[in-house]
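Below: the structure, in structure tokens.
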Protein chains: 2
Amino acid sequence: MQQRIINPQDLAFQLFELHRTEDVLNYDRYADHSLETLQAALDLALKVAAEEFAPHARLVDEEEPTFESGRVTMRPEVKKALDVLRETGLMAAGQSYERGGMQLPAAVAQMCVGMLKGANVGTQGYAGLTIAAANLILAHGSEEQKQRYADHMLAGRFFGTMCLTEPHAGSSLGDLRTRAEPQDDGSYRLKGNKIYISAGDHELSENIIHMVLARLPDAPPGVKGISLFLVPKSLVNEDGSLGERNDVALAGLIHKMGYRGTTSTMLNFGEKDGAVGYLVGEPHKGLAAMFHMMNEARIGVGLGAVMLGYTGYLHALEYARERRQGRPMGEKDPATPQVPLIRHADIRRMLLTQKAYVEGGLALCLEGARLVDEKKFAASDTERAEAAGVLDLLTPLIKSWPSQFCLEANSLAIQVHGGYGYTREYPVEQFYRDNRLNPIHEGTHGIQGLDLLGRKVIMANGEYYNALMGRIRRTIKEAREVAELKDSAERLQVAIEQMAQATDAINKVRASGETERALANASLYLEAFGHTVVGWLWLRQAQVALQGIANSGPQTEEFYRGKLKACDYFARYELPRVASLAGLLAEVDGTALNIADAEF
Amino acid sequence: MQQRIINPQDLAFQLFELHRTEDVLNYDRYADHSLETLQAALDLALKVAAEEFAPHARLVDEEEPTFESGRVTMRPEVKKALDVLRETGLMAAGQSYERGGMQLPAAVAQMCVGMLKGANVGTQGYAGLTIAAANLILAHGSEEQKQRYADHMLAGRFFGTMCLTEPHAGSSLGDLRTRAEPQDDGSYRLKGNKIYISAGDHELSENIIHMVLARLPDAPPGVKGISLFLVPKSLVNEDGSLGERNDVALAGLIHKMGYRGTTSTMLNFGEKDGAVGYLVGEPHKGLAAMFHMMNEARIGVGLGAVMLGYTGYLHALEYARERRQGRPMGEKDPATPQVPLIRHADIRRMLLTQKAYVEGGLALCLEGARLVDEKKFAASDTERAEAAGVLDLLTPLIKSWPSQFCLEANSLAIQVHGGYGYTREYPVEQFYRDNRLNPIHEGTHGIQGLDLLGRKVIMANGEYYNALMGRIRRTIKEAREVAELKDSAERLQVAIEQMAQATDAINKVRASGETERALANASLYLEAFGHTVVGWLWLRQAQVALQGIANSGPQTEEFYRGKLKACDYFARYELPRVASLAGLLAEVDGTALNIADAEF
């Protein structure tokens, strides 16, 4: 199977050597699994990704869904791929057996979807959103809602959406206006307009289950008055058969720069009598319910960004090995043959940068996925609480760091291709366009920065921030004792001290009450913190790679040596970015606040 | 005239206060001009840009040119806009009166085209390439070639192209294979295939004049055996009327991520008997001729990148002032109205970053344009020689810095727009796609890095490098004495010392013969050097703004204060990037060389 979605050796390294996913198998929940069953699921997902999703990735970009006579039409390859996916059962990869799932560890379940993202993010969107919507019902819905809706979603019979944004309320969700009127039968009637509803309409599944944020009549204003509703496109009878069409109308499609295969829709709820909806969870607790699920959704966004960067890197690497252009430096004889691009220093630097970003980003996402399992299933309360706290802290980084740097990897993949990379005859430009969504959706980069610096760093009096720093310092301490790692460890030590100073300086300003200035550069803090954490994960990868070299034969040694080089690269080329940002952050500068509106 | 192409106050500031374009009027060549005539040309170009080019910019992106029955068809708005442009005479803005031109200073002539680029880079392409091709004939052609071809091109009757790339020869031009056979009548017959020929075919003008690089039969291999030929689409009779169709065939169109309005073609020369061509300049000196003109072309690329960034910034600024979203930090009452985006610190930071990049990039390009005039027309040999040398040194920076950072400005403009910015309903995503070409064409980022570090920094024993550093140091020395500028000057001083150390370290390694390692990070050197130079130009803008505040009333004071804030921003937020890069550069690191191919 020729595929350029992931390096399977790297995936196995990350899951089984770096993140020790087999330790997770000690949890009761995963008692039935073995490394073989995990690998089988991953192999299956990769096969579906490569054979069913990747081949039409360009097609759904060039021929995006259209809106005709009130219906969405799209290329038939999309349905075919999703039908195959449905058959595999992978949409319920992470769900419990009782819900018809495979009960796979979070890292493996995430990777199954992640490989689909790398193969064809547009077609994957329909499945990914369905999983997210079903998770929301499973976490907050009644048993009846789980059975009537979620189970059918995870089986792929119904698909799902998340309906948050309204034309005037994007990041500011507290301002949304969709209203839900209670009815005598316990249901609600919704009226309102939603935009950017991905997968909001299509004919890929029997039904579509919309998870809608709306206000009850007695709702307090703002974020404390938002409730979560389940609104099916067609009503669902008790026996699971479909009833009449609900009052949900497709108002139009939104056309995007990338991610074109996933329809982005405007939906009108309740144009006639009101759309029938059912409250999920408690009244006025809808936003909390939504955000409770957001950790996993945000890991999913970060992993999607990684996988787009990863496939771009593999394409660039292959191109650089094959395409001949120019001669070695100093070769004056034009009669000598041209050499492959990979022989040029600048191309190698760009490849190494991509490798460092995408493999580093993958390590970061899988760190998050392991914490998801630890949080739920670790043996002791203490372990679970620390896992939950560290995951909360890492979540904005997991969402944002790959969205920024794996997008940059896509730009470098274009650059390696030269003029060809800018054409639609090669796939790398599409990855770049697709990936540009990731710093925006599920909370923008700026929102993630505020979440990290404004809430996560100081939550529980900084307990989890300190816990994470402690983990990083322990790795540094170990690595310093190893000749091959000493230099990288020292560089990470410098970075972490700089981050600690910046954090202290910001906390002092915050404590003085100047919150706005303290948080003015939260986005830059996010970037610097992200680089520090990924630097740590590179050092850990290098530690594990050294063990690998000691344990293995020459056949895998090249792979492990590549990890050591990439760690070295990250420490030398990337960690200095922390210094330049942390220096600025420590000044707790308010330049952007001080310029008057009229001075722009 | 509502336009979001440029801030006219900034343009006047840069041309007349910062770069003192009126001093250029002292050169004999510009004796007829006054500030009023310059302003009139700029006003005319802006009017044409805003009224004729901007309105169909999205249209030519959505409905790009198509190839049907051997012909290129495109939206009629393109021809209409170019017809209006032709009427204005602006295509010859910079040319001498004897060639029918306006004989305007280089900075003004560049800006006239630049504003078209900001308005609609796709439609502008046809005019921009024509000017470049005509310049090539004027610089190297015979008087007969000038009259028969170039004059008609500058009048807009014929359009032009540059035919360099072949399928196997992009950056490695020495490997091109198109052949030219001499004929008894002094003409040549060309055979070969060219790709990425922008504006290679269309029906916008009476004729198309291709400037083609090819090899003579006796050509030595490599770059020393390339000659330049003029190959008309239709032959041109002595009286200027068109003769028979030449043997140049459109083989197909290439589809790009952006810049879609400008056709990118594959052209076959001499499928039948050979395409009739005429040698321009001397045999085997074609590449030198092409590169002789490259300085101005590369300023044009840099300026195009700036203008795309600039229009994105103005769109983002307007959106941020109008769109209401969220509340001030600490405002807990959801009943209070939402505030404009510009009230949020992170939005302000992103706007300020864009301002610093696009106005700084414009200052850089106009510095280059002023040196173009100085090089040609300054009074003394010494002045002209120094201007030529400093321009040579700056050219890779002028080409690359805006291509990198004004593209980043476009990304930030998307981010300010949030989800809307990712849709094709708003223009900012198109600017981002259009601008992504600029780090690739006219010499990739990597090629510019090698040009800067491998050739320009050390040419004439570093004389021009030292001259530029001397200029920067003089500005720092002056600015240090001014309270408002002292901090920025000190930060620039740090940056320049770091760059000097990095340069010395690299030169030592180079002198030791390790050229490949010395140049391995040339792209990063380019970035660090670019930031240093733009930091200098921001300090100079701040100096001039302080004078402006002293001389002017409160009405313009806001504008000048904005310049001071942006200088402050650049020094605090951007110059630290020099530190992190220069530290790495001073190590003359060879990590990317040391990783084995199989270790990727």
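The values are calculated or read from the model by the stated rules, or taken from the named source; none is laboratory data. All values derive from a computational prediction rather than experimental measurement. Cβ coordinates were reconstructed from backbone atoms using ideal geometry, including for glycine residues, and neighbour counts include every protein chain displayed. With ligands, DNA and RNA removed, areas are computed over all heavy atoms of the protein, side chains included. Shrake-Rupley method; radii C 1.70, N 1.55, O 1.52, S 1.80 Å.
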Could you grab me the full set of residues in the stretch B:562-572 that are open to solvent by 10 Å² or more (accessible area, probe 1.4 Å) and either under 15 Å from B:GLN493 (Cα atoms) or free of Cβ contacts under 8 Å to residues at least 40 places away in the same chain (or both)? B:ASP568, B:ARG572
Hits in the stretch A:334-353 - residues which are in a helix (DSSP H, G or I) and more than 9 Å from chain B (Cβ to nearest Cβ): A:LEU341
With the requirement that a residue be away from every other protein chain (no Cβ under 11 Å) and not in a helix (DSSP H, G or I), what does the stretch B:521-555 give you? B:SER552, B:GLY553
Within the stretch A:110-135, the residues that are open to solvent by less than 30 Å² (accessible area, probe 1.4 Å) and either out of contact with any helix residue (DSSP H, G or I) (no Cβ under 8 Å at 6 or more places or on another chain) or in a loop (DSSP other than H, G, I, E, B) (or both) are A:GLY125
Quick check on my filter: what residues within the stretch A:556-582 are of a type outside the set (Lys, Arg) and within 7 Å of chain B (Cβ to nearest Cβ)? A:GLU558, A:GLY562, A:ASP568, A:TYR569, A:TYR573, A:PRO576, A:ALA579, A:SER580
Pairs only if they're at least six apart or on different chains, beta carbon under 6 angstrom, first in the stretch B:531-557 and farther than 25 Å from B:PRO576 by Cβ, second modelled with pLDDT of 95 or more and crowded, with 21+ Cβ neighbours inside 10 Å; list them, first residue then second. B:GLY548/B:TYR560; B:ILE549/B:TYR560
Go through the stretch A:3-53 and count every residue that is open to solvent by 40 Å² or more (accessible area, probe 1.4 Å) and part of a helix (DSSP H, G or I). 17
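Conditions tested, residue by residue: (1) of a type in the set (Val, Ile, Thr); (2) within 14 Å of chain A (Cβ to nearest Cβ); (3) in a helix (DSSP H, G or I); (4) free of Cβ contacts under 8 Å to residues at least 12 places away in the same chain.
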| residue | (1), (2), (3), (4) |
| --- | --- |
| B:ALA289 | no, no, yes, no |
| B:ASN295 | no, no, yes, no |
| B:MET307 | no, no, yes, no |
| B:TYR310 | no, yes, yes, no |
| B:ALA320 | no, yes, yes, no |
| B:ARG327 | no, yes, no, no |
| B:LYS332 | no, yes, no, yes |
Unique residue being within 19 Å of B:VAL494 (Cα to Cα) and either at pLDDT below 95 or not assigned by TED's automatic domain parsing to the domain that holds B:LEU364 (or both) when the list is B:ALA586, B:ALA545: B:ALA586
Just the residues that are in contact with a helix residue (DSSP H, G or I) (Cβ under 7 Å, 6 or more places away or on another chain), assigned to a helix (DSSP H, G or I) and open to solvent by less than 10 Å² (accessible area, probe 1.4 Å), please, taken from the stretch B:498-520. B:MET499, B:ALA502, B:ILE506, B:ALA518
Examine the stretch B:448-456 for a residue that is assigned to a helix (DSSP H, G or I), open to solvent by less than 10 Å² (accessible area, probe 1.4 Å) and within 10 Å of another protein chain (Cβ to nearest Cβ), and state whether such a residue exists. yes
May I ask you to list the residues in the stretch A:393-414 that are β-branched (Val, Ile, Thr) and away from chain B (no Cβ under 11 Å)? A:THR395, A:ILE398
In the stretch B:252-285, which residues are within 14 Å of another protein chain (Cβ to nearest Cβ), among the hydrophobic types (A, V, I, L, M, F, W, C), open to solvent by less than 10 Å² (accessible area, probe 1.4 Å) and not in a loop (DSSP other than H, G, I, E, B)? none
What do you reckon, is A:ALA518 within 11 Å of chain B (Cβ to nearest Cβ) and among the aliphatic types (A, V, I, L, M)? yes
The condition from (1) within 26 Å of B:PRO427 (Cβ to Cβ); (2) outside any helix (DSSP H, G or I) that B:GLN103 misses is numbered (1)
Here the residues within the stretch A:136-160 that are open to solvent by less than 10 Å² (accessible area, probe 1.4 Å), closer than 17 Å to A:ALA289 by Cβ and touching a strand residue (DSSP E or B) at 6+ places or on another chain (Cβ under 7 Å) are A:LEU136, A:ILE137, A:TYR149, A:MET153, A:GLY160
Out of all the residues in the stretch A:161-216, which are within 11 Å of chain B (Cβ to nearest Cβ) and either open to solvent by 50 Å² or more (accessible area, probe 1.4 Å) or over 20 Å from A:LEU136 (Cβ atoms) (or both)? A:PRO167, A:HIS168, A:SER171, A:SER172, A:ASP175, A:TYR196
Given the criteria touching a Lys or Arg at 6+ places or on another chain (Cβ under 6 Å), open to solvent by 10 Å² or more (accessible area, probe 1.4 Å) and among the small types (Gly, Ala, Ser), does A:SER241 qualify? no
When residues of the stretch B:415-432 are filtered for being open to solvent by less than 10 Å² (accessible area, probe 1.4 Å), in a helix (DSSP H, G or I) and either at the interface with another protein chain (Cβ under 7 Å from one of its Cβ atoms) or of a type in the set (S, T, N, Q) (or both), how many remain? 2
Among the candidates B:ALA40, B:ALA50, B:ALA81, residue that is out of contact with any His (no Cβ under 9 Å at 6 or more places or on another chain), in contact (Cβ under 8 Å) with a residue 12 or more places away in the chain, among the aliphatic types (A, V, I, L, M) and closer than 30 Å to B:TYR357 by Cβ: B:ALA50
Residues that are modelled with pLDDT of 95 or more, under 21 Å from B:VAL113 (Cβ atoms), open to solvent by 50 Å² or more (accessible area, probe 1.4 Å) and not in a strand (DSSP E or B): does the stretch B:361-371 have at least one? no
Is it the case that B:VAL588 is over 19 Å from B:LEU15 (Cβ atoms) and among the β-branched types (Val, Ile, Thr)? yes
Members of the stretch A:577-600 found to be assigned to a helix (DSSP H, G or I), of a type outside the set (Gly, Ala, Ser) and open to solvent by less than 30 Å² (accessible area, probe 1.4 Å), listed by number: A:VAL578, A:LEU581, A:LEU584, A:LEU585, A:THR591, A:GLU599
Go through (1) open to solvent by 10 Å² or more (accessible area, probe 1.4 Å); (2) touching a residue at least 12 places away in the same chain (Cβ under 8 Å) and name the single condition A:LEU351 misses. (1)
Listing of strands (runs of 3 or more DSSP E) fully contained in the stretch B:152-244 that carry 3 or more residues being farther than 16 Å from B:GLY125 by Cβ: B:179-182, B:188-198, B:207-214, B:227-232, B:234-236
If the requirement is being modelled with pLDDT of 95 or more and touching a Ser or Thr at 6+ places or on another chain (Cβ under 6 Å), which of these qualifies: B:GLY186, B:GLY270, B:GLY286? B:GLY286
